[in-house]
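**Student:** Have a look at the structure that comes next, please.
The values are calculated or read from the model by the stated rules, or taken from the named source; none is laboratory data. In this text the structure is predicted, and so the values were computed from the model without any measurement. Neighbour counts are summed over all protein chains in view; Cβ atoms, including those assigned to glycine, are modelled from backbone coordinates with ideal geometry. Calculation scope for accessible area: heavy atoms of the full protein, side chains included, ligands and nucleic acids excluded. Shrake-Rupley method; radii C 1.70, N 1.55, O 1.52, S 1.80 Å.
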Amino acid sequence: MRIVTSLISAIALAGVLHVGARAVGPVPPLGAFLDPVSGIWAAARVAELPAEQTLTMPGLSAPVEITYDDRGVPHIFGASEPDVARALGWVHARDRLFQMEMIQRAVAGTITELVGERALSLDRNARKLALAQAAQTKWDAIPAGSEVRLAVEAYMEGVNAYIDAMSAADLPLEYRLLGRTPRRFRPVDTYYLLIRMSQTLSYQESELRFHALEQLVGREAASALIPVDAPIQEPIEPVPGRTQARLAFRRMPAPRAPDATQVAEARRIRDAAIAIAAATAMPLGTASGPAPDLTDLLTRGEAAVGSNNWAVSPARSASGHALLAGDPHLELTLPSIWYEAHLVVPGKMDVYGVSFPMSPIIPIGFNRDMAWTMTNTGNDVVDYYREVVDDSLRPRRYQVDGAWRDLVVREERYYDPSGKVIARDTLLATHRGPLFPTATGWLSQRWTAREVSDEGDNFRRGMTATGVADFSAQMESFRTPAQNMLTADRAGNIGIRSTGRYPIRPGDGRGDVIFDGSRSANDWLGDRPLAWYPQTRNPAQGYIASANQQPMDPTARAGYQGSDWPSPWRAMRINNLLRANTAVTVDDMRRFHTDPRSELTPFILTALGDARAAAESSGTWTADDESAWAHLQQWDGAFTPSSSGPLLFDALLQAMSRHVWDELVLPGETRRVMTPSQMVLVQLLADPSSAWWDDRTTTDVVETRDVIVLRALRDAWTGTRNRWGNDPSAWRWGNARVIRVHHLLGLPGFGRDSLEVQSGPGTLSPSDNGGTHGASWRFVVELGPEVRGWGTYPGGQSGNPVSSRYADRVETWRAGELTPLHTPRTASDLGPAETRATLRMIPTTGGTN
């Protein structure tokens, strides 16, 4: 039934595109699209894997055996690493070719050549950031003949071998819709993917937000709103003897009243930040589609997503073996960002995990000795410099230490599918990086991701690591994006290190300010040494957890790590779950992924209780107030789809932000310059008489915390009843908070919408009202005598929307379940019941490896 629905959706979409209603680009005549031989119906004929297949592959040194299991995972057995890489390239291309091309084009800034002028802003932004140039620089620095270069070259040869052998029926549906054919791939394209990953995981603009806030409320107040050190400390590197999070609350300096000049500057820098943020607006999973609301990129609160990982030592696991779990949170798309694979070279490599299409590496997974997973560190790796230029309109030089230097000038052209030039840009750069024109002058940007490093080789060597210590050694030179690399091995070791570059800045070391670019003394002074990195191995507490929180308590070692850290609710929840359990099972680890409770909830409800007591004392507590209070009191605190309490709680949280941060709204506007994190709000709740509670729009009264919290409750109660009805027993959280896994191009009918999940503010599986981000992969590994794994992701292996492997895992993921992962040692070890297809690749005459 799903196949029929998808085909009908595709035909309907083609009709819509054909008559010109918001087309993604030129489309073929409907007759060709519906042709029974080469049109949409051909997609159904090639949707499933052939039961048996043999083909010749140029460049192989020996035959490669590929067995697909009952989950569509290829188990690739080859005689050498290049052979396995070449086969993986072919396999990726068969299942994810269009996705691969869109990722490459997103970095190159050439999407317009595929879909037309609609994608021009995306292409311009990619080229402004010089992403393709950065990828090329990294690739060019890799020595000829090195193992990583040979593997990447072989991988891309496999991709192109598939393209060369494609029949008309094999053409992915998206190409049919667009009337296009695939491009050929180059080895450097793998490094396009890696720079794309850095773009998604390590880009920030905290300096610009800080400067805008500084104009509005003053430097001290701005530093409290975007703190360098989190006011709640639950670090990744454990503090000996600590058994709960440390509350490092400080009294927040009062906001100043800005004058007209400061308001104007705040507006200019806010607009500049929006313009620059546009250059990084696209997440890893999306390569095309409508542009996001760029104003929202700056003014919204902290992202309601985040990755988690945790490991348990043998002493605290029920089996006596180390356990590891991970769930990287990214944009959710069909096809998925990830592709599961098992790669085997006897005596050298036996690795299982998730790969990125367009790369031969397994960045998250396990082998026969150990397992590894990652969360984003969030350290500050981007800086801005205000440059002095020779011409404010058409600069060609910039000044450093009193001397003029030539700007790097790059002329860019953008083409449509017919080859017509549709736009031209002149792009500039300093020695630091791209130069952006803004309302406040010219800003250059330095970013670690543009500088030479080879994360591909780090990942490749990590795949064959024999234990925690070996993996850590293989990753020592890893630079970007900085990752909290969690590991566990069969010897019972667990460890983590927040690995990546930590630039050293001049002065007080802070990187969340805009530097004077006319002085070379403001350039980076170097990097923190490896010993300084946040890290631990086999801590006394017997477990490790990371969830994007500030990785190291500032009392442990001095040094700037970053600023504006995500609230630590997920980190606190994982730690509390692990502290309370001395015999953790695999199923416990699975359940933790979708645990429905948040450590934020008690802080908010405690403040509400204080406001209730104050209102009762003053005689201002009403019957409606009591009804709202009673509804929250009967709620068990779980953000489950059938629960009604989360609707009112979430409305209360949003109303509190609206009423508290009025000082951050520019005159004449309704949106805040930025919204401080929930953690900063909780810190403020501990100070009932802070000047921040006063509502500047009421000139005849000075509000306190209790007044504002009560006002927020009343707004939330009224708003929730207006939206969901006057009968709270009929409210359902699942009606408001759902997950939407959309198609890569947003094609209607090809996504999976309205998925009800256990998720809420601060839970381990958070989501926001958009519902487009979440756990892109969940897995648990038990490191016993035989390493065992369980996992899933919200999608399927195939990129063909009419394939049974397109979205077959979505329901398993939605329900919070995991599936056993098969890890046969040889191609024949997978039993008939678990085998769905076999593919044999044999060398053409004169194999090269």
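**Student:** Say each of residue 815 and residue 613 gets a label point 7 Å from the Cα, pointing the same way as Cα to Cβ; how far apart are those two points in nm?
**Tutor:** Once both label points are built, they end up 4.6 nm from each other.
**Student:** So which aspartates and glutamates can residue 128 reach, going by Cα to Cα under 14 Å and dropping same-chain residues fewer than 8 places off?
**Tutor:** In chain and number order, the partners are 411, 412, 425.
**Student:** Treating only the Cβ atoms of Lys and Arg (+1) and Asp and Glu (-1) as charged, compute the dipole magnitude of the chain about its Cα centre; round to the nearest 20 debye.
**Tutor:** Result for the chain is approximately 840 debye, rounded to the nearest 20.
**Student:** Once each part is reduced to its C-alpha centroid, what is the distance from the stretch 680-694 to the stretch 504-523 in angstrom?
**Tutor:** When both Cα centres are located, 32 Å separates them.
**Student:** I would also like to ask the following. For the stretch 69-165, rounded, prolate or oblate, judged on the Cα gyration tensor with a ≥ b ≥ c (square roots of eigenvalues), a/c < 1.5 rounded, else prolate if a/b > b/c?
**Tutor:** Numbers: a/c = 2.86, a/b = 1.44, b/c = 1.99.
Cα axes put the stretch 69-165 in the oblate bin.
**Student:** For a label point 7 angstrom out from the Cα of residue 62 toward its Cβ, which stretches of the stretch 818-837 have the backbone nitrogen within less than 19 Å?
**Tutor:** From the stretch 818-837, the list is 824-830.
**Student:** While we're on this one: Report the calculated FRET efficiency for residue 242 and residue 399 (r = Cβ-Cβ distance, R0 = 51 Å), to the nearest 0.05.
**Tutor:** On the way: r = 50 Å, r/R0 = 0.98.
Efficiency for this residue pair is about 0.55.
**Student:** Assuming a ≥ b ≥ c are the square roots of the Cα gyration tensor eigenvalues, decide whether the stretch 589-672 counts as rounded (a/c under 1.5), prolate (otherwise, with a/b larger than b/c) or oblate.
**Tutor:** Cα axes put the stretch 589-672 in the oblate bin.
**Student:** Further question: Compute the acute angle (0 to 90°) between the alpha-carbon long axis of helix 206-217 and the principal axis of greatest extent of the alpha-carbon atoms of the chain; round to the nearest 10°.
**Tutor:** With rounding to tens, the tilt is 20 degrees.
**Student:** Report the full-extension gain for the segment residue 723 to residue 606: residue separation times 0.36 nm, less the Cα-Cα distance, to one decimal in nm.
**Tutor:** Values: separation 117, 0.36 × 117 = 42.12 nm, distance 2.57 nm.
Difference between extended and current length: 39.5 nm.
**Student:** What per residue convex hull volume, in Å³, comes out for the chain when only alpha-carbon positions are used? Can you show the working numbers first?
**Tutor:** Values: hull volume 144.0 nm³, N = 849.
Value for the chain: 170 Å³ per residue.
**Student:** If one takes the longest principal axis of the Cα atoms in the chain, at what angle in degrees, from 0 to 90 and to the nearest 10, does the Cα axis of helix 147-165 lie?
**Tutor:** 70 degrees
**Student:** Residue-wise, which Karplus ³J(HN,Hα) couplings in Hz belong to the stretch 487-495, taking 6.51 cos²θ - 1.76 cosθ + 1.60, θ = phi - 60°, and x for glycine or proline?
**Tutor:** So the J values, rounded to whole Hz, are 9, 8, 9, 5, 6, x, 7, 10, x.
**Student:** Identify the trypsin sites (Lys or Arg not before Pro) of the stretch 635-674 meeting these criteria: DSSP loop state and at most 15 other C-beta atoms within 10 Å of the C-beta.
**Tutor:** 671
**Student:** Let's test the formula: R0 of 56 Å, r as the Cβ-Cβ distance of residue 701 and residue 120. What FRET efficiency results, to the nearest 0.05? Don't skip to the answer; put the middle values down first.
**Tutor:** On the way: r = 52 Å, r/R0 = 0.92.
The computed FRET efficiency comes out at 0.60.
**Student:** Name the trypsin sites (Lys or Arg not before Pro) in the stretch 775-849 that are in a loop by DSSP and that have at most 14 other C-beta atoms within 10 Å, would you?
**Tutor:** 825
**Student:** Apply the a/c threshold of 1.5 to the C-alpha gyration tensor of the stretch 600-735 and tell me whether it is rounded, prolate or oblate.
**Tutor:** Working: a/c = 1.70, a/b = 1.39, b/c = 1.22.
Prolate is the answer for the stretch 600-735, as a/c is 1.5 or above and a/b outweighs b/c.
**Student:** Let me ask you something else. Can you list the trypsin sites (Lys or Arg not before Pro) in the stretch 674-769 that are in a DSSP coil and have 14 or fewer other beta carbons within 10 angstrom? It would help to have the intermediate numbers written out before the result.
**Tutor:** Details: sites: 696, 705, 711, 714, 721, 723, 732, 737, 740, 752; in loops: 696, 732, 737.
Within the stretch 674-769, the qualifying trypsin sites (Lys or Arg not before Pro) (loop, at most 14 other Cβ atoms within 10 Å) are 696.
**Student:** Just to verify a number: what accessible area does residue 773 come out at with the full protein assembly present, 1.4 Å probe, Å² rounded to tens?
**Tutor:** In the full protein context, residue 773 sits at about 50 Å².
**Student:** Using a 7 Å offset from the Cα along the Cα-to-Cβ direction at both residue 431 and residue 844, what is the distance between the two label points in nm, to one decimal?
**Tutor:** Label at residue 431, label at residue 844, 4.9 nm between them.
**Student:** A follow-up question, please. Given a Förster radius of 56 Å and the C-beta distance between residue 636 and residue 52 as r, what FRET efficiency does 1/(1 + (r/R0)^6) yield to the nearest 0.05?
**Tutor:** 0.55
**Student:** With only alpha-carbon atoms counted, please give the Rg and Dmax of the stretch 156-250, in Å.
**Tutor:** 25.0, 66
**Student:** Give me the one-decimal nm value for the distance between modelled label points at residue 140 and residue 662, 7 Å along each residue's Cα-to-Cβ direction.
**Tutor:** 5.7 nm
**Student:** Same structure again: Note down the accessible area of residue 428, probe 1.4 Å, to the nearest 10 Å².
**Tutor:** Spelled out: residue 428, probe radius 1.4 Å, area about 20 Å².
**Student:** With every protein chain present, what accessible area does residue 504 have (1.4 Å probe, heavy atoms only), rounded to the nearest 10 Å²?
**Tutor:** 50 Å²
**Student:** Work out from phi, with θ = phi - 60° and the Karplus expression 6.51 cos²θ - 1.76 cosθ + 1.60, the ³J(HN,Hα) of each residue of the stretch 740-745, listed in order in whole Hz, and give x for Gly and Pro.
**Tutor:** Rounded to whole hertz, the list is 10, 9, 9, 5, 3, 9.
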